[in-house]
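Down below is the structure, laid out as structure tokens.
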Amino acid sequence: MVKQTCYLTFALQGKVKGEIGMFFKNVGMIEYEGADSENPYAFKYYNPDEYVGGKTMKEHLRFAVAYWHTFDADGKDPFGDGTMFRAWNRMTHPLDKAKARAEAAFEFFEKLGVPYFCFHDVDIVDEGATLRETFAYLDQMSSFLKEMMETSRVQLLWNTANMFTHPRYVHGAATSCNADVYAYAAAKVKKGLDIAKELGAENYVFWGGREGYETLLNTDMKLELENLASFYRMAVEYAREIGFDGQFLIEPKPKEPTKHQYDFDAATTIAFLETYGLKDHFKLNLEANHATLAGHTFEHELRVAALHDVLGSIDANQGDLLLGWDTDEFPTDLYSAVLAMYEILKAGGFKTGGINFDAKVRRPSFADEDLFHAHIAGMDTYAVGLKVASRLLEDKALDQVIEERYESYTKGIGLEIKEGRTDLKKLAAYALEHDQIENQSGRQERLKATVNRYLLNALREAPAEKETR
């Protein structure tokens, strides 16, 4: 048995024990100071205790930190080596490194004040030489994380299994042409569900990083899709067997790394779930940058999911529109955040889901403190988005234009169409008598100006007094 080292002693009942912690010694607790604050280690707009539409910001937004980009990433890219040399990643034994990383993570969670975190299995500990050794590592680390969670306010929003990085997944995981790989992936998901149950995860995510194909010349698409559906059914059955009642989520992505992903976007994934009778068991975890890669806006993907009652959770980030890949930048686009929160609030808000920052600091932002600056910026961005979206909905600022635009379906032939009381012969006869058509303006620029006005007004306003329940 390798002796393990414990480096951190600050996490106790959700408070910092001592003054500065062990890994982020120059950073204290991040507090809300308001828009006039010039403190880079303070929230300007995210006030977790401020009420918006009957709930606190903390309850609405349910922020989570992505373990992988925040604590595992080293800044390497296809053209250069890593630039981020984190103290918690310097140990040689996998469990020493994993425990130091977890201690740094919980110091970060506590100081930032987030209620949740998310991880892949390989994020919390490196794989061993065999699957059996990997599972032994995961058992030790899940116990270690559980102990830390018991003395912290931070809980697990979701976990998942990484089934795309290792060369064994070169042809996919649940869609692999190799049955041994399929079985290996199933074992990983079984262990992931055991961990989710042990740690009280509110969701479990499937991200099919290589569930797709490169060319149809060597692909049996029907078999691969059927195998993927069977894989999901087995996961549902096992979760029921062990009593895991968290929400299953699928995260669509159009490309990278597989050329043709089976979960290209929200609509494609919904069609898959409907086809194979799985829709009652799954919702979607939607990512802003993935929407961009699919040629959609983030609000489009959110609306599609909401219409089909499968909007579960989101990964908040943004892409670089000048680059054609998943750059996973921290969200700072206020306008986009307003439109995203508008869709989320219209859909009733999050149930078990939340806002996970699947985002990474840029390669030149290699200082440990940059991790705080990035998350503060993202949290402030979505706080503004929440307040503006809530006000737009409360004032019904966009509703009147939409109602007027579709007014023709509230009476006459339009109402007959809407209620299914007509046919092609009746419509043809009507059209012959009403062929002089007048359309109304869509008023797009006016609506965008309205959103701008609400956004700018929200930034100018003083923080509202706390409401009472």
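The values are calculated or read from the model by the stated rules, or taken from the named source; none is laboratory data. Note that this is a predicted model, so its numbers are computed, not measured. All Cβ positions, glycine included, derive from the backbone under ideal geometry; neighbour counts span all protein chains shown. All accessible areas refer to the heavy atoms of the entire protein, side chains included, with ligands and DNA or RNA removed. Shrake-Rupley method; radii C 1.70, N 1.55, O 1.52, S 1.80 Å.
Return one quarter of the surface area of the convex hull spanned by the alpha-carbon atoms of the range 72-134, equal to its mean projected area, in nm².
5.5 nm²
Gain in length, MET22 to HIS434, computed as 0.36 nm per residue apart minus the alpha-carbon separation, to one decimal in nm?
140.7 nm
By its C-alpha gyration tensor, with a ≥ b ≥ c as the square roots of the eigenvalues, how is the range 270-427 shaped: rounded for a/c under 1.5, else prolate for a/b larger than b/c, else oblate?
Here the range 270-427 falls in the prolate category.
Label the chain by shape, choosing from rounded, prolate and oblate, from the square roots a ≥ b ≥ c of the eigenvalues of the Cα gyration tensor; if a/c is under 1.5 it is rounded, and otherwise prolate applies when a/b is larger than b/c, oblate when it is not.
oblate
Take the Cα atoms of the range 194-237, find their three principal axes, and give me the spread along each one in whole Å, biggest first.
44, 20, 12
Compute the distance from the alpha-carbon center of the range 382-410 to that of the range 73-124, in whole Å.
Value for the Cα centre distance between the two parts: 41 Å.
Given a 1.4 angstrom probe, what's the average accessible area per residue across the chain, in square angstrom?
I get 49 Å² per residue for this part.
Roughly how many Å is it from the Cα centre of the range 298-332 to that of the range 156-223, as a whole number?
Each part reduced to its Cα centre gives a spacing of 22 Å.
Please give the length that would be gained between ASP399 and ARG421 if that part of the chain were fully extended, namely 0.36 nm times their separation in residues minus their C-alpha to C-alpha distance (nm, one decimal).
5.3 nm
Looking at the chain, what % of its DSSP beta bridges pair antiparallel, to the nearest 5?
Percent antiparallel among DSSP bridges in the chain is about 20.
First check a/c for the range 358-462, with a ≥ b ≥ c the square roots of the eigenvalues of its C-alpha gyration tensor; if it is under 1.5, answer rounded, and if not, answer prolate when a/b is larger than b/c or oblate otherwise.
Since a/c reaches 1.5 and a/b is larger than b/c, the shape of the range 358-462 is classed as prolate.
For the range 376-402, list residues with backbone N below 17 Å from a point placed 7 Å from the Cα of ARG446 toward its Cβ?
Of the residues in the range 376-402, 396-402 have backbone N under 17 Å from the label point off ARG446.
At q = 0.09, 0.11, 0.21 Å⁻¹, what is the base-10 log of I(q)/I(0) for the range 145-280 according to the Debye formula with one equal point scatterer per Cα and no solvent? Please give it to two decimals.
-0.27, -0.40, -1.32
222 nm [θ] for the chain, helices only, -39500 (n - 2.57) per DSSP H run of 4+, per residue, to 500?
So the calculated ellipticity at 222 nm is -13500 deg cm²/dmol.
Scan the range 431-464 for trypsin sites (Lys or Arg not before Pro) in coil per DSSP, keeping those whose Cβ has at most 15 other Cβ atoms within 10 Å, and list them by number.
When the trypsin sites (Lys or Arg not before Pro) of the range 431-464 are filtered for loop state and at most 15 Cβ neighbours within 10 Å, ARG443 remain.
Please compare each pair in LYS222/LYS259; LYS253/LYS279; LYS99/LYS146; LYS346/LYS448; LYS351/LYS448; LYS76/LYS97 to a cut-off of 22 Å on the Cα-Cα distance and tell me which ones are over it.
The pairs that break the limit, which is 22 Å between Cα atoms, are LYS351/LYS448.
Restricting attention to the range 402-438, which chymotrypsin sites (Phe, Trp or Tyr not before Pro) occupy a DSSP loop and are surrounded by at most 11 other Cβ atoms within 10 Å?
TYR406
Run the accessible area of the chain with a 1.4 Å probe and give the carbon-and-sulfur part as a rounded percent.
Carbon-and-sulfur percentage of accessible area, whole number: 52.
Quick one: Kirkwood hydrodynamic radius for the range 70-198, alpha-carbon pairs, angstrom, one decimal?
After inverting the pairwise mean of 1/r, the radius is 15.8 Å.
Could you order peptides 198-207, 111-120 by the average number of other Cβ atoms within 10 Å of their residues, highest first?
111-120, 198-207
For the range 340-384, taking Cα atoms only, what is the radius of gyration to one decimal and the Dmax to the nearest whole Å?
Spelled out, the Cα radius of gyration and Dmax of the range 340-384 are 13.4, 39 Å.
Only loop residues by DSSP count here, and only those with at most 11 other Cβ atoms within 10 Å; note down the trypsin sites (Lys or Arg not before Pro) in the range 255-350 that meet that.
Sites meeting the loop and neighbour criteria: LYS259.
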